[in-house]
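What follows is a single structure, written as structure tokens, with notes after it.
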Amino acid sequence: MSRKKIIAGNWKMYKTPQQAREFVTAFLPLVADHKRDEIVLCPPFISLIAVVGATKGSNVMVGAQNMHWEKEGAFTGECSPEMLVAEGVTHVIIGHSERRQYFNETDDTVNRKLEVALEHGLTPIVCVGEVLEEREANLTEDVLRRQCSRAFRGISAKKAAKLVVAYEPVWAIGTGKTATPEIAEEAHMVIRHEAEKSFGKEFASALRIQYGGSVKPDNAKSLMSQPDIDGALVGGASLDPQNFAKIVKY
Ligand code: PEP
């Protein structure tokens, strides 16, 4: 089963709209001929419109870093899936570990967001991963199985067709410590197996699972060469157009 890799840049809370436009101006020519992989930029909400406009007609798509599950309402500070779709956003990160850690995101809210993102035709990137204490206590597999099964609960394989999962060991995010390709591959196999339990064998073998956690130009190739690693979710190294283009073209 050949899976088109998906390389997404998570800018977190960096770049003003003007800086975002400047990034795109520098980045697009570097990846203009690149058809092998799906390329996605995920700026903060405030820069989504600027990045959608600047990437129009290119091979680069745009994702949000979060969304609410409701259509509209009294949810100060939130943004709905409908609002994202209306502006040309195609992807959305759900359950990033920083949202789980600082903003009370739970397996249950991830499940609700996933369901609604799929209903709106967005490509959801659901993040899962263990913290250091869980890895050291040999709990990685349990954590991944729990996060995946709860995220996928009540969703059919047909509905979940666009699902992407990102394995992001929390101890590797922004720390410069990357999981070895072998550690990542092992975790990806657990996630694929859990997807098989929820959605069936055919779905699981087509499911794209990204690795995220200190991906850099010099480690991208070895990670991406693993059979079950289908792309990368890149934080820090996606802020620089040259670096991110090198990762895309690993
Ligand atoms: C991330 O933000 O999802 C991430 C993986 O960050 P970094 O690449 O900086 O570790």
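The values are calculated or read from the model by the stated rules, or taken from the named source; none is laboratory data. From a predicted model like this one, the values you see are computed outputs, not experimental measurements. All Cβ positions, even for glycine, are placed from backbone atoms using ideal geometry, and neighbour counts span all protein chains on display. SASA here: full protein model, heavy atoms, side chains in, ligands and nucleic acids out. Shrake-Rupley method; radii C 1.70, N 1.55, O 1.52, S 1.80 Å.
Annotation: per residue accessible area for the stretch 1-72 equals 50 Å², rounded to a whole number [probe 1.4 Å, protein chains only].
Kirkwood's formula applied to the C-alpha pairs of the chain gives a hydrodynamic radius of 17.9 angstrom. Label positions at THR106 and SER222, each projected 7 Å from the Cα along the C-beta direction, are separated by 4.0 nm. Electrostatic tally near ARG99: other residues with Cβ closer than 14 Å to its Cβ, Lys and Arg +1, Asp and Glu -1, net -2. Packing, taken as the mean count of other beta carbons within 10 Å per residue, orders the peptides 194-206, 69-81 from highest to lowest as 194-206, 69-81. For the chain, modelled as a GNM whose springs connect Cα atoms under 10 angstrom apart, the maximal fluctuation among TYR211, TYR14, TYR102 occurs at TYR102. For the stretch 68-213, which whole-number percentage of the solvent-accessible area (1.4 Å probe, protein heavy atoms only) is attributable to carbon and sulfur atoms? The nonpolar share, carbon plus sulfur, comes to 50 percent.
Peptide packing for 28-37, 212-221 was compared via the average number of neighbouring C-beta atoms within 10 Å per residue; ordered from the highest value, the list is 212-221, 28-37.
Only Cα pairs under 8 Å and 6+ residues apart enter the sum, and on that basis the relative contact order of the chain stands at 21 percent.
Each peptide among 228-235, 53-60 gets the average number of other Cβ atoms lying within 10 Å of its residues, and from highest to lowest they stand as 228-235, 53-60.
With contacts taken as Cα pairs under 8 Å and at least 6 residues apart, the stretch 32-154 reaches a relative contact order of 20 percent. Under the membrane-span-like helix rule (DSSP H runs whose alpha carbons stretch at least 15 Å along the helix axis, mean Kyte-Doolittle hydropathy 1.6 or higher), the chain yields 45-55.
Between LYS201 and ALA26, the C-beta separation translates, for a Förster distance of 41 Å, into a calculated FRET efficiency of about 0.45.
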